[in-house]
Structure formats: structure tokens, C-alpha cells
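The values are calculated or read from the model by the stated rules, or taken from the named source; none is laboratory data. Just so we're clear, the structure is a prediction, and the values are computed from it rather than from any experiment. Neighbour counts run over all protein chains shown; Cβ positions are idealised from the backbone, glycine included. Ligands, DNA and RNA are excluded from the accessible area calculation, which covers all protein heavy atoms including side chains. Shrake-Rupley method; radii C 1.70, N 1.55, O 1.52, S 1.80 Å.
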Number of protein chains: 2
Amino acid sequence: MHSFTEENYLKAIYKLQETNGEVVATSALAQVMEVHAPSVTDMLKRMAGKKLVTYQKSKGVKLTERGRQVAVGIIRNHRLWEVFLVDKLGYKWDEVHDLAEQLEHIHTEDLTNKLDKFLGFPKADPHGDPIPDANGVLPKSKAVLLSTLKVGEEGMFTGVTDHTPAFLNYLDKAGISLGNNIKVKAIEEFDQTYTLQIKSNKEIIISNKVANGILVN
Amino acid sequence: MHSFTEENYLKAIYKLQETNGEVVATSALAQVMEVHAPSVTDMLKRMAGKKLVTYQKSKGVKLTERGRQVAVGIIRNHRLWEVFLVDKLGYKWDEVHDLAEQLEHIHTEDLTNKLDKFLGFPKADPHGDPIPDANGVLPKSKAVLLSTLKVGEEGMFTGVTDHTPAFLNYLDKAGISLGNNIKVKAIEEFDQTYTLQIKSNKEIIISNKVANGILVN
DNA sequence: AAATTAAATTAGATTAGCCTAATTTTACTT
DNA sequence: AAGTAAAATTAGGCTAATCTAATTTAATTT
Ligand SMILES: [Mn+2]
Ligand SMILES: [Mn+2]
Ligand SMILES: [Mn+2]
Ligand SMILES: [Mn+2]
């Protein structure tokens, strides 16, 4: 129905709208899509023609309701495939993104739903990101950055904001896994280094950069 | 690495070489690929440039060793995905072809091998077609058409030559499944209609057309 | 061997998605 | 309000994969 490229643009616009507000700039899209600005302008015109976005010259772009539905469908599919790769094929959480980036575009409603069922209707992907339901409803998460906690506060590790293999790998090495309870024991004033207690036993020290990549509930 | 289109051409050339001999004609490829002849000529030139085929103007095309390897890899992937769709997701054998036609192009050596392992190293796909091993070796089948059997002879149903949903559906309805023992009880001289005994009980009558779609061992 | 038919190639276009260079529009400073 | 910087668009081109129409090459028939 839609090309891989269109679907990737839709996803990118959706995510930019979620994090940076209603209307998305050409330059922001160009950066995410790793193309040059004129390519984006071009693409937006074509997508506007297909009623996937509303585009006003020099005033940015928004998804239409149809565009939003397609985007969320792709995200659903992406996350389900990631669960499949990790739970069934034995991939590690830092290895699945690129494959899922391809698999997400192989989607019929039926396939996605059968996959969902086969996987036991998971609520989240291997990175803790919520999986939209079959109607495109994505539960609003109330997770907060670990870096917003005060000394003495704690929460459960439920997601990451940094999805790079490098970061995920670091967490593995540090022994911090999704679902772990994390308590802030101390925050060094000089450089915002955090001393954490993981699962009420092991204590570790992480940088502020790492604390900004971790979401807790 | 290679585009979906290239991979589909490689598969088509491979299959035509298997059934119609060494060298493949532009027109034959055009028919299989459902494009017009000049598109094929064009594509063959590009593929020859990439050393996937050897192409001589007006003299047809052959796969190079590299081309053959890629083609068999895609076929391996296609058949493994079909097994996944049927065995794990619950699709019927007449529903999986088009999906596998897409999924086959999502392949890294690692993914294919992990999928193979997850599925328990299946020997054949849901249509009885053999699955090439990780080294690209495809076991030569010695199955024969049911229509070559004489009255009184029997064999096990191990594959089809007609992969259309219509035919597969017909077999379902007729109650003939892969693995069934089939014995030829009678052949009507007038129109080559076959009377078969399935699994040493039920007797059914099939047309010559159907007998030509069934492979037995 | 010549004529006819069939198969394949060349020529010239089109579309999606990308590019660079030039220009225009919008935003930010002084 | 004018000037400068940043963002976006336009203009013009490229490649992969397709098409139709015209031409050439190969195969078949007389
Ligand atoms: Mn993608
Ligand atoms: Mn994820
Ligand atoms: Mn295919
Ligand atoms: Mn098959």
C-alpha cells in the first residue's frame, strides 16, 4: 500500500510530534530521516497529495488522522517483531532494532494480529516501549527520567530514552535490567553522578548521562 | 544489499534454469516477472554489471555462482518463513505465499539461521518443497508426478507442482494432505480420470489436471 | 535463399526518492 | 526598521525500475 520510505517518514513525523509538539519542521525531519532538506520538501508534497499529512509551505507538517493511524500501525508492528526476535529467536535487546526497522513494513492487519496472539499479547517491547493495541491506542506512560528522582526515592526501571546499542550494552554490563527496582542512594553535587541501589542489593555508580537514558515508574 | 526486485529476478532465473535448462530467455523471464521484455533486457544489463548473471545480447542469461548462491539463500528464507507462518502463526498452506514473498527479502545470515533453529530445522516447507541448508545445498528430490503412476502403484504425497491457492484449497476440500499414502486404483481410459485410495481407506476420483499437480515418492 | 514471423533490443519517457546549487522566506539582532 | 543568519523552497539532475513504439536480430516457413 505505502512504500517503506513513506512509512518511515510517517513514523518519524509521529515521533517528532509526540516529543516536540504538534507541528514538525522540515529540518527536523531531514535530520531524523538522514536526508537533505529538499528531499523532505519533495516527499511532503507527495504525502500531502495522498492525504497522509497536511503540509503548508514553510510552515511545517502535521499528520492527518489517516497518517497517524498508519504510523501507529507501523510502530505496533515494529515492537511486536522486536518481541518476536528477542523472546522467540534469542536476540539480545541491543541487536533487534535494524531488523525490526525492515520487518515493520511487512504488515497486513491479519499478520500483525496473529503475531500479537502468538506472542501472548505483550504490553511492551524489549526496550519497555508500549505496544499499541489493534485499534491504534497507545497507553500514555507516566514514567519519568531517573535523573528527576531525589536522593532516597526509588522506582522500577521500565524503559529507556536512548535506544542505541552502545547504551543498551552499557546497561547490560552494569547489570541493570528492565523491571529492576532502582533506588537513588546519593547524588554527587559536583557532577551529578548517581549512586544507585539495584534490586535492594548491589550498589553502582552511574553518570548523569546514563541517568538521563533511564525511565522509572 | 540487493533490492527486492533483483532478488526476485534471481529467484525467477534460478527456477527457470532448474525446470527449462541452463539458459533463460528474456521472454520467459518477462512472463514470470510480469513485466514487459524491454524491462528485462534493462535489468539483465544492470545485474550483469553486478556479476550476478552472465548475459549475452540476444542469447539469454545464466546465473553466476554468486547469483545462484543469493537465489538459493532467498529460497531458503522464503520456505522457512512459510513454515513459521503455518506452524507458529496458524496460517493455512494456501495463504502464506504472498507474505513469504515479502519476508524472504528480510534476511541476514544470522536471522535465517536463528529462524531455522527456532523452527526445529525443518526439511520441507508447508507445500513439501525442500529447504536448502545453510550452505545453499538443496537436496535433489526424486518425487514423481502422480500422473506417471500405473494402476496398482502407490506413493506418499510429498509435494505439489501447482502452488496456487485454488489448487491447494481443492486438495483440502478433497481431503488429500501432505504425507498421505496414495494408491492408484483405476485410470479411466477415456479422460484419464484417476480413482485413488487415500490412507488405505477413503476412495476419491480426481481429474488428470489434479493428478498433474501432485508429487509422490 | 528469400520471405515471414517471433524474439530481443534500442530509443525515448515516466515516477519515486534522492542530490547540489541557487533563491526565497522567515526569524533573530542590532 | 534594516541587516544578517537560518530555514525552506525551487530549479535542475541522477538512478532504479518500469513503460510504449520503433528497430534489429534470430528462427521458421515457404
Ligand atoms: Mn522502517
Ligand atoms: Mn524497541
Ligand atoms: Mn519476493
Ligand atoms: Mn512454498
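Here the relative contact order of the range B:144-216, from alpha carbon pairs under 8 Å that lie six or more residues apart, stands at 42 percent.
Cα gyration tensor of the range A:4-63, axes a ≥ b ≥ c as square roots of the eigenvalues: rounded (a/c below 1.5), prolate (a/b > b/c) or oblate? It is rounded, given that a/c, with a ≥ b ≥ c, falls under 1.5.
Taking loop as defined by DSSP and a crowding limit of 14 other beta carbons within 10 Å, which trypsin sites (Lys or Arg not before Pro) in the range A:10-57 fit?
Those satisfying the criteria are A:K50, A:K51, A:K57.
Look at the Cα gyration tensor of the protein assembly as shown: its axes a ≥ b ≥ c give a/c of at least 1.5 with a/b over b/c, and that counts as prolate. For A:M33, the accessible surface of its heavy atoms amounts to roughly 40 Å² (probe 1.4 Å, protein chains only, rounded to the nearest 10).
Largest to smallest in accessible area, the residues B:D125, B:D162, B:D110 fall in the order B:D110, B:D162, B:D125 (1.4 Å probe, all protein chains included). Estimated at 0.36 nm per residue, the fully extended path between B:D172 and B:Q56 surpasses their Cα-Cα distance by 37.3 nm.
Close amide H contacts of A:V160 (hydrogens built in the peptide plane, cut-off under 5 Å, sequence separation of 5 or more or a different chain): A:L215. For the residue pairs B:K15/B:K62; A:K11/A:K88; B:K173/B:K202; A:K117/B:K88; B:K11/B:K51; B:K92/B:K209, alpha carbon separations beyond 19 Å are given by A:K11/A:K88; B:K92/B:K209. Where the centroid of each part is defined by its Cα atoms, how far is the range A:156-214 from the range A:13-58 in Å? Centre-to-centre (Cα) distance: 34 Å.
Just name one of A:S58, A:H163, A:A211: the one whose Cα is farthest towards the positive end of the charge dipole of chain A (beta-carbon charges, Lys/Arg +1, Asp/Glu -1). Comparing the listed Cα positions along the dipole, A:S58 ranks first. Once backbone amide H atoms are built at 1.01 Å from N, B:T64 has B:V53, B:T54 as its partners under 5 Å, excluding neighbours fewer than 5 places away on the same chain.
Around A:H78, under 13 Å between beta carbons, what's the net of Lys plus Arg minus Asp minus Glu among the other residues? Combined, the nearby Lys, Arg, Asp and Glu give -4.
Let me check against my output: what whole-number percent is the relative contact order of the range B:28-135, with C-alpha pairs under 8 Å and at least 6 apart? Taking the mean separation of contacting Cα pairs over the length of the range B:28-135, I get 22 percent. For B:N212, the label point sits 7 Å beyond Cα toward Cβ; its separations from the matching points on the remaining copies run 7.1 nm, from shortest to longest. Taking label positions 7 Å along the Cα-Cβ direction at both A:F121 and B:F4, the computed distance is 3.1 nm, reported to one decimal. With the whole protein complex present, B:W93 retains an accessible surface near 30 Å², based on a 1.4 Å probe. Rounded, prolate or oblate: which fits the range B:103-142, taking a ≥ b ≥ c as square roots of the Cα gyration tensor eigenvalues, rounded meaning a/c under 1.5, else prolate when a/b beats b/c? Because a/c hits 1.5 or more and a/b exceeds b/c, the range B:103-142 counts as prolate. For the range A:193-199, 3J(HN,Hα) computed residue by residue from phi via the Karplus equation (6.51, -1.76, 1.60; θ = phi - 60°) reads 7, 9, 9, 10, 10, 9, 6 Hz, glycine and proline entered as x. For B:K59, the distances from its label point to the matching points in the remaining copies are 6.4 nm, ordered from shortest, with each point set 7 Å beyond Cα toward Cβ. For B:L178, no residue whose modelled amide H falls within less than 5 Å of its own remains once neighbours fewer than 5 places apart on the same chain are excluded. Taken about its Cα centre, chain A carries a charge dipole of roughly 620 debye when the Cβ of each Lys and Arg holds +1 and the Cβ of each Asp and Glu holds -1. Which angle between 0 and 90 degrees, to the nearest 10, do you get for helix B:37-49 versus the longest principal axis of chain B when only C-alpha atoms count? Helix B:37-49 sits at roughly 60 degrees to that axis. On the protein heavy atoms, probe 1.4 angstrom, tell me the percent of accessible surface of chain A carried by carbon and sulfur. Reported share for carbon and sulfur atoms: 52 percent.
State, in square angstrom and to the nearest 100, the accessible area buried between chains A and B, both chains counted, probe radius 1.4 Å. Display every interim value, and only then the final one.
Numbers: alone 12230 and 12200 Å², together 22860 Å².
What A and B bury together is about 1600 Å².
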